[in-house]
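Working notes for the structure below.
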């Protein structure tokens with residue numbers, strides 16, 4: 001039985017990958033994202049952190065792009081390419097962590113709301129509606145301002161602001177499948193509500209969760225950069241794309257590369273995630289199965 005289940009899962013994954021490969025824009029997004037992750041993982045191999053990212057040099061101040069410094073240097077002589085690559089080591093993990101937290105908490109709340117009684121459903125979803133009434137970036141700013149500026153508080157704030165969409169998506173999926181025959185069969189053999197939710201309902205809601213998570217990571221990266229830009233996120237001299245934009249904006253007219261390349265890094269990362277998310281949505285759509 002276990003072997004048959006594993007074979008079925010592998011065949012489903014192969015079918016999804018086959019459909020995803022047909023989407024050229026999704027593959028482009030996957031390639032860009034893979035390159036960004038690759039350089040982030042091996043950032044120390046390509047660029048020494050102390051000498052190229054942190055160490056300041058008045059002689060190298062605001063140097064334009066050249067063979068020695070491909071993307072130029074910033075206002076204190078640090079290599080912009082090195083700081084962008086090392087900045088990816090902060091933005092990407094923080095974004096993945098925030099969305100992982102939001103996925104787990106939002107998914108459980110949505111499953112409880114969809115599977116539970118009408119009263120439980122109303123209480124949970126009305127709370128989610130209150131959070132959804134506030135733009136996510138404003139909610140993140142308010143939470144960080146209230147809790148204090150730190151990496152932990154930023155992760156917590158962005159996670160909380162991303163919980164409601166996951167709760168609504170999972171609730172909708174649960175309402176669709178909770179009366180299916182295999183759920184009734186699980187109830188008939190005495191399975192607890194907890195086991196039904198964790199073992200039968202949530203695994204069958206993974207397709208919309210994966211798509212929402214991919215798209216939400218892009219929004220989380222933008223939120224991290226936005227908070228750092230206004231001084232509520234990661235502060236200098238730590239390399240982070242939003243803080244690089246903030247410290248370099250006053251030099252934009254004289255040295256455009258100081259702001260342009262960190263902004264381009266944010267744009268490419270978000271674009272790659274959006275392209276991949278759109279492709280996954282089409283690949284995981286049951287209506288497109290052969």
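The values are calculated or read from the model by the stated rules, or taken from the named source; none is laboratory data. Computed from a prediction, not measured in an experiment: that's the story for all the values here. Cβ placement follows ideal geometry from the backbone for every residue including glycine, while neighbour counts extend to all protein chains displayed.
Annotations
- In the set 157, 207, only one residue is surrounded by fewer than 20 Cβ atoms within 10 Å (Cβ to Cβ) and assigned to a helix (DSSP H, G or I); that residue is 207.
- Members of region 50-66 found to be in a helix (DSSP H, G or I) and crowded, with 17+ Cβ neighbours inside 10 Å, listed by number: 52, 53, 60
- Criterion violated by residue 115 - all others in (1) surrounded by fewer than 16 Cβ atoms within 10 Å (Cβ to Cβ); (2) farther than 23 Å from residue 266 by Cβ; (3) modelled with pLDDT under 90 satisfied: (1)
- Breaking point among (1) in contact with a strand residue (DSSP E or B) (Cβ under 7 Å, 6 or more places away or on another chain); (2) not in a loop (DSSP other than H, G, I, E, B), for residue 69: (2)
- Any chance residue 97 is modelled with pLDDT of 90 or more, farther than 30 Å from residue 34 by Cα and either in a helix (DSSP H, G or I) or over 19 Å from the mean Cα position of the chain (by Cα) (or both): no
- Among the residues of region 72-94, not one is part of a strand (DSSP E or B) and surrounded by fewer than 16 Cβ atoms within 10 Å (Cβ to Cβ).
- Qualifying residue in region 228-243 (condition: more than 14 Å from the chain's Cα centre (by Cα), surrounded by fewer than 21 Cβ atoms within 10 Å (Cβ to Cβ), assigned to a helix (DSSP H, G or I) and in contact (Cβ under 8 Å) with a residue 24 or more places away in the chain): no
- Qualifying residues in region 124-141 (those that are surrounded by fewer than 14 Cβ atoms within 10 Å (Cβ to Cβ) and in a helix (DSSP H, G or I)) - the one farthest from the chain's Cα centre (by Cα): 126
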